[in-house]
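Novice: So that we are looking at the same thing, I have put the structure below in structure tokens.
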Amino acid sequence: MKTVYHKADSRGHADHGWLNSYHTFSFANYQNKDRMNFGVLRVLNDDTVSQGMGFGTHPHKDMEIISIPLEGDLEHKDSMGTTAVIKKGEIQVMSAGTGVMHSEYNKNKDEAVKFLQIWVFPKELNVEPRYDQKSIKEGEKINGFQQILSPNKNDDGVWIHQDAWFNLANFKAGNGKNYMLNKKGNGVYAFVLKGSAKVGDRILNERDGLGIWDTQSFNIEAVDDAEILLMEVPMELPAYLK
């Protein structure tokens, strides 16, 4: 089993006043040749958007974009005609494909919104743009894994154009479980949202990340009550990036 450890305070950081963002991987003005991606996982941004502020309309192309609100809610508008609000307990996906324009705003006047912005390279280029969002609150599992994303349209959660599986792991202190990878050649990036846990042989605290690959399974055990996002992705980049 191979691993790469990213301590929370080692992430890139940008404070724009209205936006406070931490970058696990290179993004915008934060460029680190050793932190470009984890397999096809290209971006993991931990964003806080101030009251009444947001991202103006901007383009995306050939990327699977996933948003997971952690606090508050975020309004989304795009060139496909979508207007939607995503809240804590939901997950949003947008396949940018041939090209899409969108904006994201915190319309609340009394609270900031915190969310994860995640980008995954798709298996192929120029897919038809699409948007989807689903509630993940109803399927919440304590001391187990809750699938929130997969490559399959009929599975739990949303789906994307990539052989990726995302799970939320929610464990009470002292509890744990073995995670079995879904596909050979994949790796898992574990990102701690709350608490602390032992993932493989490493103790992770809040906002620490650990990439794991060259294994079929690994164990997770909560030190304190812990919530962890597990992002299983192919480690080999698609042919169009080689």
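The values are calculated or read from the model by the stated rules, or taken from the named source; none is laboratory data. Nothing here was measured: the structure is a model prediction, and the numbers come from that model. Cβ atoms come from the backbone with ideal geometry, glycine included; neighbour counts cover every protein chain shown. To get the accessible areas, we keep the full protein, side chains included, count just its heavy atoms, and leave off ligands, DNA and RNA. Shrake-Rupley method; radii C 1.70, N 1.55, O 1.52, S 1.80 Å.
Novice: Does any residue in the stretch 59-73 that is within 19 Å of Leu237 (Cβ to Cβ) come within less than 6 Å, Cβ to Cβ, of a residue that is part of a strand (DSSP E or B) and open to solvent by 20 Å² or more (accessible area, probe 1.4 Å) six or more places away or on a different chain, and which pairs are these?
Specialist: Met63/Trp119; Ile65/Trp119
Novice: Determine which member of the set Asp208, Asp214, Asp201 is touching a helix residue (DSSP H, G or I) at 6+ places or on another chain (Cβ under 7 Å) and of a type in the set (D, E, K, R).
Specialist: Asp208
Novice: For the stretch 82-96, state whether one or more residues are in a loop (DSSP other than H, G, I, E, B), over 17 Å from the mean Cα position of the chain (by Cα) and within 22 Å of Val120 (Cβ to Cβ).
Specialist: Here is the first cut: in the stretch 82-96, the residues in a loop (DSSP other than H, G, I, E, B) are 82, 88-89, 96.
Okay, now just the ones that are also over 17 Å from the mean Cα position of the chain (by Cα), so 82.
Checking the rest, the ones that are also within 22 Å of Val120 (Cβ to Cβ) come to 82.
Yes, the conditions are met somewhere in the stretch 82-96.
Novice: So which residues in the stretch 62-81 are over 30 Å from Lys141 (Cα atoms) and within 18 Å of the chain's Cα centre (by Cα), if there are any at all?
Specialist: Residues of the stretch 62-81 that are over 30 Å from Lys141 (Cα atoms), as a first pass: 62, 77-81.
Selection gives Asp62 alone.
Novice: Hey, could you check the stretch 90-104 for residues that are open to solvent by 20 Å² or more (accessible area, probe 1.4 Å) and touching a strand residue (DSSP E or B) at 6+ places or on another chain (Cβ under 7 Å) and say which is farthest from Asp163 (Cα to Cα)?
Specialist: So the residue we want is Met101.
Novice: Specify the residue that is nearest to Lys184 (Cα to Cα); the eligible residues are those in the stretch 148-161 that are open to solvent by 10 Å² or more (accessible area, probe 1.4 Å) and polar (S, T, N, Q).
Specialist: Per the stated criteria, the residue is Asn152.
Novice: Could you tell me whether the stretch 131-143 includes any residue that is in a strand (DSSP E or B), acidic (Asp, Glu) and surrounded by 19 or more Cβ atoms within 10 Å (Cβ to Cβ)?
Specialist: No: zero hits.
Novice: Do you know which residues across the stretch 162-177 are free of Cβ contacts under 8 Å to residues at least 60 places away in the same chain and surrounded by fewer than 18 Cβ atoms within 10 Å (Cβ to Cβ)? Walk me through it before giving the result.
Specialist: So the first thing to find is which residues in the stretch 162-177 are free of Cβ contacts under 8 Å to residues at least 60 places away in the same chain, and the list is 170-177.
Once the filter is applied, which keeps residues that are free of Cβ contacts under 8 Å to residues at least 60 places away in the same chain and surrounded by fewer than 18 Cβ atoms within 10 Å (Cβ to Cβ), the stretch 162-177 yields Lys172, Ala173, Gly174, Asn175, Lys177.
Novice: Now for a separate question. Report yes if Val100 is of a type outside the set (Asp, Glu), modelled with pLDDT of 95 or more, in contact with a Gly (Cβ under 9 Å, 6 or more places away or on another chain) and closer than 27 Å to Trp18 by Cα, otherwise no.
Specialist: Details: of a type outside the set (Asp, Glu): yes; modelled with pLDDT of 95 or more: yes; in contact with a Gly (Cβ under 9 Å, 6 or more places away or on another chain): no; closer than 27 Å to Trp18 by Cα: yes.
No; evaluated as a whole, the condition is false for this residue.
Novice: Pairs needed: first member in the stretch 205-234, buried (at least 16 other Cβ atoms within 10 Å of the Cβ); second member anywhere, acidic (Asp, Glu); C-beta distance under 6 Å; at least 6 residues apart or different chains.
Specialist: If the second residue must be acidic (Asp, Glu), the pairs left are Pro234/Asp163.
Novice: Let me ask something additional. Which of the residues belonging to the stretch 178-196 are in a strand (DSSP E or B), open to solvent by less than 40 Å² (accessible area, probe 1.4 Å), under 13 Å from Phe145 (Cβ atoms) and not aromatic (Phe, Trp, Tyr)? Break it down into steps so the answer makes sense when it comes.
Specialist: Pass one, the stretch 178-196, residues in a strand (DSSP E or B): 178-180, 186-194.
Now narrow it down to the ones that are open to solvent by less than 40 Å² (accessible area, probe 1.4 Å): 179, 186-193.
Add one more test, that the residue is under 13 Å from Phe145 (Cβ atoms), and what stays is 179, 188, 190.
Answer for the stretch 178-196, where residues must be in a strand (DSSP E or B), open to solvent by less than 40 Å² (accessible area, probe 1.4 Å), under 13 Å from Phe145 (Cβ atoms) and not aromatic (Phe, Trp, Tyr): Val188, Ala190.
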